[in-house]
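Below is one structure, written out as structure tokens, with a few remarks after it.
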Ligand SMILES: C[S@@+](CC[C@H](N)C(=O)[O-])C[C@H]1O[C@@H](n2cnc3c(N)ncnc32)[C@H](O)[C@@H]1O
């Protein structure tokens, strides 16, 4: 891939998905594009990139999907789930005792390990049995990941990463060498393909948002835009849980870290309109 092709691809990716490419990754990029090249019948990566100029939507989506890093595991960054279990959930159970409705969003769910980990904790609290309504939405830009998440089928290697044996035995059924998540957990999660650069308008008001290990792939402007729009859909007393490399402090206006709970943020007072008008709100990244 020549420099011009690389620059063009990097630009498409940044504008369409927020993902940043650095030239150091040329070899990795090429190897990730090979399956797309074969699927769409191109003879080489150069021809694929030429076609990309025409903006053929299925091809753009396939290229974006090929470039995403979908690594995840159950209860990844265990501390986050302890904070959810020990701080966030007990507080919300008091604050929402009247409505008995919890609304949670996993904003980049990969193959579903994160929302299913959340669902397992919710099940521990027996919220459904106690008459609570749970809205648990899980989204990702990668439609193949969403299909996998909906299937809820994981390899032996995937369930060995982070899943305690009692949860494996209690929540999964063995199918050959794989493990399928229980129907009760699967029914708790609504999966949908969704790009974090697009409008959050379809989302309900949310009590908890997990946005972990995704914004680190974006540039500063895009992170700012996502945090800003998260603020629009997160309830004033809602909780935001981010990954260790997501860098909220110093980056965003409108959130405060929770003391002693790394990665857990709460909204501060609403951002005054005049500060937003000063250019601190971005709906989409300029082309
Ligand atoms: C490393 S995984 C993180 C999964 C999970 N949140 C975790 O912490 O284990 C990053 C995910 O972000 C998704 N992603 C990348 N860009 C995105 C975008 N613009 N909108 C939505 N999801 C995106 C990728 O497809 C990938 O599945």
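The values are calculated or read from the model by the stated rules, or taken from the named source; none is laboratory data. Since the model is a prediction, treat every value here as computed from it, not as a measurement. Counting neighbours? That spans all protein chains shown, and the Cβs are built from the backbone with ideal geometry, glycine included.
Within the set 170, 201, 131, 176, the sole residue that is within 30 Å of residue 20 (Cβ to Cβ) and out of contact with any strand residue (DSSP E or B) (no Cβ under 6 Å at 6 or more places or on another chain) turns out to be 201.
On inspection, residue 159 passes the criterion of being assigned by TED's automatic domain parsing to the domain that holds residue 236 and touching a strand residue (DSSP E or B) at 6+ places or on another chain (Cβ under 9 Å).
Here residue 156 fits the description: more than 19 Å from residue 234 (Cβ to Cβ) and touching a residue at least 12 places away in the same chain (Cβ under 8 Å).
Would you pick out the residues in segment 210-222 that are within 11 Å of the ligand (Cβ to nearest atom) and either touching a helix residue (DSSP H, G or I) at 6+ places or on another chain (Cβ under 8 Å) or outside any loop (DSSP other than H, G, I, E, B) (or both)?
As a first pass, look at segment 210-222 and keep what is within 11 Å of the ligand (Cβ to nearest atom): 210-218, 222.
Hits for segment 210-222 are 210, 211, 212, 215, 216, 217, 218, 222.
For residue 231, the conditions (1) within 16 Å of the ligand (Cβ to nearest atom); (2) crowded, with 17+ Cβ neighbours inside 10 Å; (3) closer than 29 Å to residue 21 by Cα are fulfilled apart from (1).
Whether a residue is in the same structural domain as residue 231 (by TED's automatic domain parsing), more than 16 Å from the ligand (Cβ to nearest atom), at negative phi and within 19 Å of the chain's Cα centre (by Cα) was assessed, and residue 91 does not pass this test. Within segment 22-32, is there a residue that is under 14 Å from residue 61 (Cα atoms) and not assigned by TED's automatic domain parsing to the domain that holds residue 222? Yes: segment 22-32 contains one or more residues that are under 14 Å from residue 61 (Cα atoms) and not assigned by TED's automatic domain parsing to the domain that holds residue 222.
Using the structure shown, decide if residue 117 is outside the structural domain of residue 182 (by TED's automatic domain parsing) and within 11 Å of the ligand (Cβ to nearest atom). No: the conditions fail for residue 117. When we screen 11, 5, 95, 44 for residues that are over 28 Å from residue 180 (Cα atoms), touching a residue at least 40 places away in the same chain (Cβ under 8 Å) and surrounded by fewer than 17 Cβ atoms within 10 Å (Cβ to Cβ), the only hit is 95.
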